[in-house]
Amino acid sequence: MSKHASYWKANLRLVFGCLVVWFLASFVFGILLAEPLNSIRLGGYKLGFWFSQQGSIYTFVVLTFFYAWRANKLDQEFGVRED
Amino acid sequence: MDLQTLTYIVVGATFALYIGIAIWARAKTTGDFYVAGKGVNPVLNGMATAADWMSAASFISMAGLIAFYGYGGSVFLMGWTGGYVLLAMLLAPYLRKYGKFTVPEFIGDRYYGKSARILAVICLIIASVTYVIGQMKGIGVAFSRFLETDYDTGLYIGMGIVFIYAVMGGMKGITYTQIAQYCVLIFAYTVPAVFISMHLTGNPIPQIGLGSKMADGSGMFLLDKLDATMTDLGFGAYTDKARLSTFNMFVYTMSLMIGTAGLPHVIMRFFTVPRVRDARASAGWALVFIALLYTVAPAVGAMARLNLMNTIQPAPGQWIEVDQRPQWFKNWEKTGLLKFEDKNKDGKIQYVADKAKNEMVKVDRDIMVLANPEIAKLPNWVIALVVAGGLAAALSTAAGLLLAIASSISHDLLKGVFAPNISEKSELMASRVAMAGAIAAAGYLGLHPPDFAAGTVALAFGLAASSIFPALMMGIFSKSMNKQGAMAGMLVGISITLFYVFQHKGIFFIADWKYLQSWGSNWFLGVEPNAFGAIGAVFNFVTAFVVAKVTAPPPEHIQHMVENIRVPAGAGAATGH
């Protein structure tokens, strides 16, 4: 496999992994499983409600920075970094 | 100092700042004009993106929506932030690597033809124009309420300000003004929230206050108290009342996410940074700055709702007397956005879920943020600040949208299709003329808002979600996607979305022009029309892949181009050609 092809494959794996977390934090914990999660409490928050109005957003922020950091490392590993 | 004078001073000072910045950052080349010379620092670009993105709807309306929908309002919070995750990973780095100025330009090149480019321009203009009408209305309303001018005058002032900094500065001016506007709007949003959180829970951080115990000595958590108050009066519980159905919430959230990732004025922001890795980081920074507002908004919504309930019903079963209603209540009655009707003539105002007995006949959701400081009895300077913040939010988004419209006219239609040999100087001139024209048109629509103004934001998202987002994604992630597939996908996605929205709300939102009424509403698996963009996108993807399967694959050089944009190295200086 060429260098570019294996770079692309590694990149797709990274993106897919991040999107799984993105989906869990919002659609699964915030919507699909919100009701059962609501029986667990986080201070004054019910957990499902917390994920839908706070937790998902914090997860998104961490996730984009994690992606940027990993993707930059991939660029370096495969020698396709700019400059 | 009285409120009026303070408002003039605060709003005047912020405007002087914006115009000063516009003069300082004048655009000299088309590169400056379209993409700010591609030299914007990613943190600053993140801030500008946040201001660009957070419109009057985010600033003024969103907390109000959450206050009334409770848990159901989460779709806006997750949808309008989660889209940035998609942008950061699926679009921004690759479009930056490609290195052109506009979204239709990429679509035209990737799908090798002017027809694809023109189709993209049409989608872009419909989405942006519908969105900009809402901003112009927001500007007019905010001015008329607080500067006590009439609506028209307020709108003219707003148009003048947008004209000066957008036409002169282009993307460069807009970027730097938006950074200032972000600072104004986030400060204005947070300060009242901190005061109110402190007052209700004793905790100054609203995100924590929302999950804290009440400071009134009852020992109850704020959200539990709110749930109890609401269920006592027959409303659904605040923290678990879903919007229509779980499936509908799922689809609505998805539509807002991919709509966000497909809106051209947001995508354009990622063309303004120097390198691919800056585009990735910039999406993260944009999200940080957006999250600062979006995690405070649920606290503002819940606390405003609780304050409103407590004002009308100070103790269980004890309703407020009509002639003892507070001053803020009377102020907002004058605007017609708040209305009560003493149905049982007992001289008190009952606020209950039962429509026959409810005497709060109108509580416009848009007043919650603007009235919040007054409800919480905050000092006048805070109220003046909120006005300045709301205007900053509306102006920055309007400017970003107008730039997206102007560049698609001058760059995609004029230079790309009709007059390819135009000089850079004439193109710059043309984009300024297009921008001025767009401002005049938006102003006209703001003065004579069409019937459909209220429904348009949902349509803008639905269009972007069902047409632009899938076309861009397939352009990057599928080497075999061809022109026929992508164009068929865009057409089917847009048409189906329009069909569903217009069937519910009437063609062009004119109520008399509804059709197929016998099908009932939300007939597609219970999906409401506002949430249909994601379904349209699914139709887009499926159509595109089926058509691409049975038609000729894209030419060799296009497949090379796709391979090239997938790798960051060699992005180099961007070109406009």
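Just to be sure I understand the model, the point goes 7 Å from the Cα along the line to the Cβ. What's the resulting residue B:115 to residue B:194 distance in nm?
Placing both labels 7 Å beyond Cα along the Cβ direction yields 5.8 nm.
Determine the gain in length on full extension of the stretch residue B:310-residue B:3; use 0.36 nm per residue of separation and subtract their C-alpha separation, reporting nm with one decimal. Don't skip to the end; give the middle numbers.
Numbers: separation 307, 0.36 × 307 = 110.52 nm, distance 2.53 nm.
So the chain would gain 108.0 nm between residue B:310 and residue B:3.
Mind ranking B:247-254, B:462-469, B:493-500 by how tightly packed they are, going by the mean number of other C-beta atoms within 10 angstrom, highest first? Could you put the intermediate results ahead of the total?
Working: B:247-254: 23.4, B:462-469: 31.0, B:493-500: 21.8.
Result, highest mean first: B:462-469, B:247-254, B:493-500.
Which residues, if any, in region B:73-114 have at least 10 Å² less accessible area in the whole protein complex than in the isolated chain, probe 1.4 Å?
At a threshold of 10 Å² (probe 1.4 Å), the residues of region B:73-114 that become less exposed are B:74, B:77, B:78, B:81, B:82, B:85, B:86, B:88, B:89, B:90, B:94.
For a quick check of your reading of the filter: which chymotrypsin sites (Phe, Trp or Tyr not before Pro) in region B:258-289 sit in a DSSP loop and have no more than 10 other Cβ atoms within 10 Å?
Qualifying residues, ordered by number: none.
Any idea of residue B:148's accessible area? Nearest 10 Å², probe 1.4 Å.
Accessible surface of residue B:148 is approximately 140 Å².
Which value, in debye to the nearest 20, gives the size of the charge dipole of region A:3-78 about its Cα centre, when Lys and Arg are +1 and Asp and Glu are -1 at the Cβ?
Values: 7 positive and 3 negative charges, 29 e Å.
Charge dipole, region A:3-78, about its Cα centre: 140 debye, nearest 20.
In whole Hz and in residue order, list the ³J(HN,Hα) couplings for region B:457-464 that follow from phi through the Karplus curve 6.51 cos²θ - 1.76 cosθ + 1.60, θ = phi - 60°; x for Gly and Pro.
Residue by residue, region B:457-464 yields 4, 4, 5, 4, 5, x, 5, 5 Hz.
Report, to the nearest whole %, how much of the accessible area of region B:49-134 belongs to carbon and sulfur atoms, 1.4 Å probe, protein only. Walk me through the intermediate numbers first.
Numbers: 910 of 1220 Å².
Percent of accessible area from carbon and sulfur atoms in region B:49-134: 74.
Within region A:4-22, find all residues whose amide N lies under 13 Å from a label point positioned 7 Å from the Cα of residue B:479 along Cα-to-beta-carbon.
A:4-9
Using a cut-off of 13 Å between beta-carbons, work out the net charge of the residues near residue B:354 (Lys and Arg +1, Asp and Glu -1, residue B:354 not included). It would help to have the intermediate numbers written out before the result.
On the way: positive: B:343, B:355, B:357; negative: B:232, B:359.
Counting the neighbours of residue B:354, the net charge comes to +1.
Amide H neighbours of residue A:42 under 5 Å, at least 5 residues apart or on other chains, H built in the peptide plane: list them.
A:47
Quick one: putting +1 on the C-beta of Lys and Arg, -1 on the C-beta of Asp and Glu, what dipole do you get for chain B around its Cα centre, in Debye to the nearest 20? All intermediate terms of the calculation are to be shown ahead of the outcome.
On the way: 42 positive and 33 negative charges, 292 e Å.
With only Lys, Arg, Asp and Glu charged at Cβ, the dipole is about 1400 debye.
Computing the accessible area with a 1.4 Å probe over protein heavy atoms, can you report the carbon and sulfur percentage for region A:3-78? Mind dumping the intermediate values first?
Details: 2450 of 3410 Å².
The C+S portion of the solvent-accessible surface of region A:3-78 is 72 percent.
Compare the peptides B:475-481, B:341-347, B:227-233 by average per-residue count of other Cβ atoms within 10 angstrom and give them in order, highest first.
Details: B:475-481: 19.0, B:341-347: 10.4, B:227-233: 16.9.
For the peptides B:475-481, B:341-347, B:227-233, the packing ranking is B:475-481, B:227-233, B:341-347.
From the backbone phi of region B:285-302, what are the Karplus-calculated ³J(HN,Hα) couplings (6.51 cos²θ - 1.76 cosθ + 1.60, θ = phi - 60°) in whole Hz, Gly and Pro given as x?
Working through the residues one at a time gives 5, 4, 5, 4, 5, 5, 4, 4, 7, 6, 8, 7, 3, x, 5, 4, x, 5 Hz.
Report the relative contact order of region B:217-325, percent, no decimals, based on alpha-carbon pairs under 8 angstrom and at least 6 residues apart. Provide the component values of the computation, followed by the final result.
Values: 32 pairs, mean separation 17.6, N = 109.
Value for region B:217-325: 16 percent.
Leaving out same-chain residues fewer than 8 places away, which lysines sit with a Cα under 23 Å from that of residue B:339?
Within reach: B:137, B:330, B:348, B:355, B:357, B:362, B:377.
Given Cβ point charges of +1 (Lys, Arg) and -1 (Asp, Glu) and nothing else, what value in debye, to the nearest 20, does the dipole of the protein assembly as shown about its Cα centre take? Don't skip to the answer; put the middle values down first.
Working: 50 positive and 38 negative charges, 319 e Å.
So the magnitude is around 1540 debye.
Suppose the chain between residue B:357 and residue B:495 were pulled fully straight at 0.36 nm per residue; how much longer would it get relative to their current alpha carbon spacing?
On the way: separation 138, 0.36 × 138 = 49.68 nm, distance 4.31 nm.
Full extension from residue B:357 to residue B:495 adds 45.4 nm.
Hey, if you put +1 on the Cβ of every Lys and Arg and -1 on every Asp and Glu Cβ in region B:220-361, which of B:332, B:356, B:287 ends up farthest toward the positive end of that dipole?
Highest projection toward the positive end goes to B:287.
If I model a spin label at residue A:62 and residue A:13 as a point 7 Å from the Cα along the Cα→Cβ vector, what separation in nanometres do I get?
2.3 nm
Answer with one residue from A:58, A:15, A:78: the one whose Cα lies farthest towards the positive end of the charge dipole of region A:3-78, charges on Cβ with Lys, Arg +1 and Asp, Glu -1.
Ranked along the dipole, the leading option is A:78.
Please give the average number of partner chain Cβ atoms lying within 10 Å of the Cβ of each residue in B:298-309, rounded to a whole number. It would help to have the intermediate numbers written out before the result.
Working: counts 6, 2, 0, 1, 1, 0, 0, 0, 0, 0, 0, 0.
Partner-chain Cβ atoms within 10 Å, mean over residues of B:298-309: 1.
With a 1.4 Å probe, how much accessible area is buried between chains A and B, both sides summed, in Å² to the nearest hundred?
Details: alone 6150 and 21770 Å², together 23690 Å².
Roughly 4200 Å².
What is the percent carbon and sulfur in the accessible area of region B:389-487, measuring with a 1.4 Å probe over the protein chains and ignoring ligands? Walk me through the intermediate numbers first.
Values: 1930 of 2900 Å².
With neighbouring chains kept in place, the figure for region B:389-487 is 67 percent.
Just check region B:1-122 against the gyration tensor rule for me: Cα atoms, a ≥ b ≥ c as the square roots of the eigenvalues, rounded for a/c under 1.5, and otherwise prolate or oblate depending on whether a/b exceeds b/c. Write down the numbers at each step before the final one.
Details: a/c = 2.43, a/b = 1.30, b/c = 1.88.
Taking the square roots of the gyration eigenvalues as a ≥ b ≥ c, region B:1-122 is oblate.
Before rounding to the nearest 500, sum -39500 (n - 2.57) across all DSSP H runs of length at least 4 in the protein assembly as shown and divide by the residue total; then give [θ] at 222 nm in deg cm²/dmol. Before the final figure, lay out each step's value.
On the way: 29 runs with 416 residues, N = 660.
Helices in the protein assembly as shown give a 222 nm mean residue ellipticity of -20500 deg cm²/dmol.
Which residues' amide hydrogens lie under 5 Å from the amide hydrogen of residue B:240, considering only partners 5 or more residues apart or on another chain, with H built in the peptide plane?
For residue B:240, whose amide H was placed from the backbone, the distant partners under 5 Å are B:71.
Among B:386, B:477, B:322, which residue has its Cα furthest toward the positive end of the charge dipole of the protein assembly as shown, with +1 on Lys/Arg Cβ and -1 on Asp/Glu Cβ?
Looking along the dipole axis, the top candidate is B:477.
Are there any residues in region B:555-570 with a reduction of at least 20 Å² in accessible surface when going from the isolated chain to the assembly of protein chains? Probe 1.4 Å, please list them by number.
The answer is B:566, B:567, B:568, B:569.
Testing the spin-label approximation: label points 7 Å from Cα along Cα→Cβ at residue A:5 and residue A:20. State their distance in nm.
Here the modelled spin labels are 2.5 nm apart.
I'd like to check one number: the per residue accessible area of the protein assembly as shown, probe 1.4 Å, reported in Å² as a whole number. Provide the component values of the computation, followed by the final result.
Details: 23690 Å² over 660 residues.
So the protein assembly as shown comes to 36 Å² accessible per residue, rounded to a whole number.
Given the peptides B:133-143, B:376-386, arrange them by the average over their residues of other C-beta atoms within 10 Å, most packed first.
Details: B:133-143: 25.3, B:376-386: 19.0.
For the peptides B:133-143, B:376-386, the packing ranking is B:133-143, B:376-386.
Are there any residues in region B:208-240 with a reduction of at least 20 Å² in accessible surface when going from the isolated chain to the assembly of protein chains? Probe 1.4 Å, please list them by number.
Buried-area filter returns B:210, B:211, B:221, B:223, B:224, B:239, B:240.
The values are calculated or read from the model by the stated rules, or taken from the named source; none is laboratory data. The model shown is predicted, which means the values in this text are computed figures rather than measured ones. Cβ sites come from the backbone with ideal geometry, for glycine too, and all protein chains shown count toward neighbours. Quick note on the areas: whole protein, heavy atoms, side chains included, nothing else; ligands and nucleic acids left out. Shrake-Rupley method; radii C 1.70, N 1.55, O 1.52, S 1.80 Å.
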